[in-house]
Amino acid sequence: MISRRHWLYGMGLVAGSGTQVVRAATLAVKAETPTAGMELSQYEPRSMLHVHESHVERSKFPCIDFHTHISGSTKSERGIELSPDREYLGTAQELLAVMDRKNIRAMVNLTGGYDNGLAEAVAKYDHAFSGRFFTFTEPCFSRFKEPDYPKLQAQAIERAHGDGARGLKILKTLGLYLRENITSGTLVKVDDARFDTMWDACGQLNMPVAIHVSDPIAFFTPTDRFNERYEELNNHPDWSFYGQDYPSNGELIAARNRVIARHPNTQFVTVHVGNFSEDLQNVGENLDRFPNMSVDIAARIGELGRQPVTARKFFEKYQDRILFGTDATPHGDEYPQQVFNDRLYEIYYRFLETDDEYFDYAPAKIPPQGRWRIYGIHLPDTILRKVYYENAARLLRV
């Protein structure tokens with residue numbers, strides 16, 4: 001529909017110049033008319049704001065990226081790793097090139113696997129480049145049905161420690177994928193007593209547990225017009241945990257909290273800002289309750305950066321228990337919020353170190369997690385040193 005302004009403008013031109021001018025005016029109106037039927041995926045709005053833009057090439061202080069994924073299992077089914085054999089997503093040489101440019105002292109590969117696969121990963125990275133890589137082990141869920149599994153898994157932790165593992169990683173496999181018959185049957189709860197010996201073994205060996213039990217709260221709500229992550233879930237429908245027999249986000253966090261409470265001598269890093277970055281008050285209450293709990297910020301600056309005042313207060317209060325992490329995955333281009341490259345780290349540094357306004361939280365043309373932008377929280381040097389390096393170094397004992 002042509003606006004009244006355009007109609008009057010066109011009529012004025014008709015009176016003054018004739019048919020040729022009428023045609024030019026009509027074309028001008030059409031050029032300004034929104035494209036009919038344009039798909040949302042084609043929409044790439046450009047901000048008209050004129051605000052300061054910083055380019056932070058290197059972190060102000062050396063950092064440890066506590067949350068990366070350098071390797072993965074060669075065989076998985078329905079979210080369960082079924083083989084200890086590893087596939088490697090990036091060579092040490094290409095990783096080190098980015099690390100040196102971006103002032104990354106070390107990377108923690110959380111998905112190091114178990115048994116021979118873990119030993120291979122440790123040898124390939126940790127031993128070959130001492131101090132630059134630290135590898136975590138994972139549970140062997142494929143043996144879960146064996147009657148002596150609790151004992152076997154505790155022994156596996158001891159073996160992993162002997163092979164050089166620096167901690168244990170729990171993917172959301174536990175709580176959302178692992179079932180009584182491995183890939184079928186009833187879901188196994190996060191606080192299942194069969195894992196108690198594993199948690200205790202980690203505590204006895206001073207191996208921190210990086211635990212992921214849930215996802216953004218929007219993943220537990222209907223994928224409809226009210227869902228702020230509609231595009232993300234539409235692109236990845238298997239990421240939705242709404243309905244069926246899935247527990248709620250609240251139930252998952254409550255079960256995790258029971259585990260942390262039962263094992264006060266084990267250090268837990270609740271990744272992705274405690275799996276509830278949308279509610280920092282809730283995360284803070286849990287940190288207050290559990291002295292053996294920390295958080296990392298991996299893949300959640302998109303949430304933190306749109307609540308910069310609250311986020312900065314959170315960092316100020318819990319500065320000794322927040323770890324720098326990105327969820328970086330080499331060559332993971334289909335997930336731009338965590339693809340390992342220079343731009344990813346520059347965005348994280350900009351968020352932490354500057355007071356820039358309204359900038360992209362991921363190196364992508366279209367925001368991959370939600371259509372918003374973020375603001376920097378401009379942390380002081382005392383906090384930056386802790387978040388970038390000191391907190392992780394203390395847990396890793398380096």
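The values are calculated or read from the model by the stated rules, or taken from the named source; none is laboratory data. Owing to the predicted nature of the structure, the values given are computational and were not obtained by experimental measurement. FYI the Cβ positions are ideal-geometry reconstructions off the backbone, even for glycines, and counts take in every protein chain you see. Calculation scope for accessible area: heavy atoms of the full protein, side chains included, ligands and nucleic acids excluded. Shrake-Rupley method; radii C 1.70, N 1.55, O 1.52, S 1.80 Å.
List pairs: first residue in the range 293-306 and at positive phi, second residue open to solvent by 10 Å² or more (accessible area, probe 1.4 Å) and outside any helix (DSSP H, G or I) anywhere in the structure, Cβ distance under 6 angstrom, at least six positions apart or on different chains. Pairs found: 299/327; 299/337; 299/338. Just one of the listed residues (10, 18, 79, 72) is small (Gly, Ala, Ser), surrounded by 13 or more Cβ atoms within 10 Å (Cβ to Cβ) and modelled with pLDDT under 50, namely 10.
For residue 156, the test of being part of a helix (DSSP H, G or I) and more than 25 Å from residue 348 (Cα to Cα) is passed. Taking the conditions exactly as written (surrounded by 18 or more Cβ atoms within 10 Å (Cβ to Cβ), touching a residue at least 60 places away in the same chain (Cβ under 8 Å) and of a type in the set (S, T, N, Q)), does residue 270 satisfy them or not? Against the criterion (surrounded by 18 or more Cβ atoms within 10 Å (Cβ to Cβ), touching a residue at least 60 places away in the same chain (Cβ under 8 Å) and of a type in the set (S, T, N, Q)), residue 270 does not qualify. Within the range 131-151, residues that are outside any loop (DSSP other than H, G, I, E, B) reach partners that are aromatic (Phe, Trp, Tyr) with beta carbons closer than 8 Å, at six or more positions or on different chains, in the pairs 133/125; 135/125; 137/114; 143/149; 150/195. Could you grab me the full set of residues in the range 83-110 that are of a type in the set (S, T, N, Q), closer than 18 Å to residue 324 by Cβ and either buried (at least 19 other Cβ atoms within 10 Å of the Cβ) or over 22 Å from the mean Cα position of the chain (by Cα) (or both)? Within the range 83-110, just 109 meets the criteria. Residues in the range 339-367 that are open to solvent by 30 Å² or more (accessible area, probe 1.4 Å) and of a type outside the set (Asp, Glu): 7 in all. Residues that are of a type in the set (Val, Ile, Thr) and closer than 28 Å to residue 179 by Cβ within the range 107-163 comprise 111, 135, 137, 157, listed in sequence order. Screening residue 235 with (1) open to solvent by 50 Å² or more (accessible area, probe 1.4 Å); (2) under 20 Å from residue 303 (Cα atoms); (3) modelled with pLDDT of 95 or more; (4) not aromatic (Phe, Trp, Tyr) gives one miss only, at (3). There is no residue in the range 251-261 that is open to solvent by 10 Å² or more (accessible area, probe 1.4 Å) and within 30 Å of residue 41 (Cα to Cα). Taken over the range 273-312, the criterion of being open to solvent by 10 Å² or more (accessible area, probe 1.4 Å), among the β-branched types (Val, Ile, Thr) and out of contact with any Leu (no Cβ under 8 Å at 6 or more places or on another chain) is satisfied by 309 alone.
For the range 175-187, check the following and say yes or no: at least one residue is open to solvent by 40 Å² or more (accessible area, probe 1.4 Å), out of contact with any Ser or Thr (no Cβ under 7 Å at 6 or more places or on another chain) and within 28 Å of residue 387 (Cα to Cα). Among the residues of the range 175-187, not one is open to solvent by 40 Å² or more (accessible area, probe 1.4 Å), out of contact with any Ser or Thr (no Cβ under 7 Å at 6 or more places or on another chain) and within 28 Å of residue 387 (Cα to Cα), which makes the answer no. Each residue in the range 368-398 was checked for being surrounded by 19 or more Cβ atoms within 10 Å (Cβ to Cβ), within 17 Å of the chain's Cα centre (by Cα) and under 30 Å from residue 46 (Cα atoms), and 3 of them qualify.
Scanning the range 114-131 for residues that are open to solvent by less than 30 Å² (accessible area, probe 1.4 Å) and in contact with a Cys (Cβ under 9 Å, 6 or more places away or on another chain) turns up just one, 114. On inspection, residue 190 passes the criterion of being within 24 Å of residue 292 (Cα to Cα), in contact with a strand residue (DSSP E or B) (Cβ under 9 Å, 6 or more places away or on another chain) and in a loop (DSSP other than H, G, I, E, B).
Take residue 123 and decide whether it is hydrophobic (A, V, I, L, M, F, W, C), at pLDDT 85 or above and under 26 Å from the mean Cα position of the chain (by Cα). Show your work before the answer.
Values: hydrophobic (A, V, I, L, M, F, W, C): yes; at pLDDT 85 or above: yes; under 26 Å from the mean Cα position of the chain (by Cα): no.
No: the conditions fail for residue 123.
Is it the case that residue 225 is basic (Lys, Arg), in contact with a strand residue (DSSP E or B) (Cβ under 9 Å, 6 or more places away or on another chain) and either under 25 Å from residue 76 (Cα atoms) or surrounded by fewer than 17 Cβ atoms within 10 Å (Cβ to Cβ) (or both)? No.
Among the residues in the range 39-59, are any modelled with pLDDT of 85 or more, open to solvent by less than 70 Å² (accessible area, probe 1.4 Å) and touching a Pro at 6+ places or on another chain (Cβ under 7 Å)? Checked the range 39-59: no residue is modelled with pLDDT of 85 or more, open to solvent by less than 70 Å² (accessible area, probe 1.4 Å) and touching a Pro at 6+ places or on another chain (Cβ under 7 Å).
Condition check ((1) under 20 Å from residue 106 (Cα atoms); (2) of a type in the set (Ser, Thr, Tyr)) across all residues:
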site: 135; (1), (2): yes, yes
site: 142; (1), (2): no, yes
site: 145; (1), (2): no, no
site: 152; (1), (2): no, no
site: 155; (1), (2): no, no
site: 162; (1), (2): no, no
site: 165; (1), (2): yes, no
site: 168; (1), (2): yes, no
site: 171; (1), (2): no, no
